[in-house]
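The values are calculated or read from the model by the stated rules, or taken from the named source; none is laboratory data. In this text the structure is predicted, and so the values were computed from the model without any measurement. All Cβ positions, glycine included, derive from the backbone under ideal geometry; neighbour counts span all protein chains shown. Side chains included, ligands, DNA and RNA excluded: accessible areas come from the protein's heavy atoms. Shrake-Rupley method; radii C 1.70, N 1.55, O 1.52, S 1.80 Å.
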Amino acid sequence: MSPQINPSAAKKPQMKRSVIGAVLSALFMGLGQLYNRQYMKGILYAVLELFIIVVWYKPIMNGLWGLYTLGEQQQVRGARGRITEQGDHSIFLMIEGVIVVLVLLVILLVYIRNIIDAYKTGKMIDEGGQPKTFAESMRNAWDNGYAYILLTPAFFFTLFLTVLPLVFGILIAFTNYAAPVLPPLRLVDWVGFQTFINLFRLEIWSNTFYGVLWWTIIWSILATITTFFVGLFYAVIINHKRIRYKKLWRTIFILPWAIPQFISILIFRNIFNGQFGPINQYLVKLGLDPIPWLSDPTWAKIALVMVNIWFGFPFWMALMSGVLTSIDRDMFEAAEVDGANGWQKFWKISFPLVMFATAPLLIMGFAGNFNNFNMIYLFTQGGPANIAYSYAGSTDILISWIYKLTLEQNQYNMASVVSILIFVIVAIFSIYNFRKTRAFKEEDMIQ
């Protein structure tokens, strides 16, 4: 008689080694590797966590405290303004706190990698394999992770030289860091979205913001379109078959782009001077009234667009000349056979091909003109003055207004808010238009 098997006495499934290793590494780095018999790797992970706990614990906690509180001890001054107690510097504490947060993110990545490594090694053992030795692990990391090893220095440079300033600039928008609240004499506090609310609700700020934003958009559109079509005009003229000495003309018209813009703008500022500028001098000699180029808001804006054409059209002319010369001549010959005139050949053949090749750069040109600080500040310095604006002139764009808010008026929190809004506006416009561009649609189809 065969013995009966009791179902309750059947062998229960054991917990997989991969799960145990992952749990152990989650509790303390390196325990999962030690459990999976990867002793050297486990010791290194454990030493790293011990080093963080023993050596970095206090700096990390101090950095997080500083980021949370922005300081508690205000600077104390005694008789004759002499400093008796230095106090906390809120901005330094904020920067140190951001650095600590970024370091913690790197540590978190190492921690997650430690858990994944323990899980994968345990799974390999569950499937009947053997854990890799330390030498094999190092060889595998070098062979399969060579690209990541080379990118590691660039990652840290980007993290602390690009991400850190960006995060710091964004955080300033959520504080009251503006005159007269300037450290170390005064402590900075977190105010949340109050600065954003003030920008849109307080008339002294909202009138300036909407006025400057409206002119910034108009300026960006005019500066981009005028340079584009003037460059297209000269490119078409120079590439016409009846024009001789094409290289000479291209060289002459490219000179405005070759001369340093800083010097040229200052020269044009003197040319358009309302009192002794040569333009107004010639107008007076012709019996006409001088034009208030830099003292009247409308004329100042017109002068800005005119001068910007001088600087911007050579780039588009050179770019479009290359596009026009690369068009197959057979297309024009076929159009002539069909009876097309010069305008029809340009509108149906040349212009669509030029737009197809330059539309993405046209969007980038708009973004560049949106932040064209040099042209505005060097030529008009944002003037003439506008009594309805706060710390801005009639021709100021958002980026030049930010310059005045920071370096001239110490309104750092408001400047940070405006910077965030500039990023949002330009990003939305650029992404939308890039997605609508035919060149990018065809690129997606190719992929």
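Below is a table of values for the structure above.
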{"item": "Net lengthening on full extension, S295/A357 (0.36 nm per residue, minus Cα-Cα)", "result": "18.3 nm"}
{"item": "Rounded tilt (10° steps) of 261-271 against the dominant C-alpha axis of the chain", "result": "30 degrees"}
{"item": "The chain - percent of accessible surface contributed by carbon and sulfur, probe 1.4 Å", "result": "67 percent"}
{"item": "Rg/Rh for region 363-410, where both radii come from Cα atoms and Rh is the Kirkwood radius", "result": "1.00"}
{"item": "Largest-first principal axis extents of the Cα set of the chain (Å)", "result": "123, 87, 40"}
{"item": "Compactness relative to 2.2 N^0.38 Å, alpha carbon Rg of region 83-176", "result": "1.65"}
{"item": "C-alpha long axis of helix 134-144 to longest principal axis of the chain, angle in °", "result": "20 degrees"}
{"item": "Helix 203-238 vs. the chain, principal-axis angle (Cα, 0 to 90°, nearest 10)", "result": "70 degrees"}
{"item": "Calculated on alpha-carbon atoms, Rg and Dmax of region 289-447 in Å", "result": "21.2, 68"}
{"item": "For region 314-383, fraction of C-alpha pairs farther apart than 15 Å, in %", "result": "64 percent"}
{"item": "Convex hull volume of region 219-360 per residue (C-alpha atoms, cubic angstrom)", "result": "155 Å³"}
{"item": "Average projected area [Cα convex hull, region 118-169], square nanometres", "result": "5.2 nm²"}
{"item": "Mean projection area, nm², convex hull over Cα of region 135-273", "result": "19.6 nm²"}
{"item": "Long-range amide H partners of T175 with built H, under 5 Å", "result": "V191"}
{"item": "Extent along principal axes [Cα atoms of region 258-328; Å; largest to smallest]", "result": "52, 26, 22"}
{"item": "Dipole of the chain [Lys/Arg +1, Asp/Glu -1 at C-beta], most positive-end residue of A79, N374, P183", "result": "N374"}
{"item": "Å² per residue, accessible surface of the chain at 1.4 Å", "result": "61 Å²"}
{"item": "The chain - charge dipole about Cα centre, Lys and Arg +1 at Cβ, Asp and Glu -1, debye rounded to 20", "result": "640 debye"}
{"item": "Efficiency of FRET from Cβ geometry, I252 and E203, R₀ 60 Å, rounded to 0.05", "result": "0.70"}
{"item": "Heavy atoms of L407 accessible to a 1.4 Å probe, total area in Å² rounded to 10", "result": "120 Å²"}
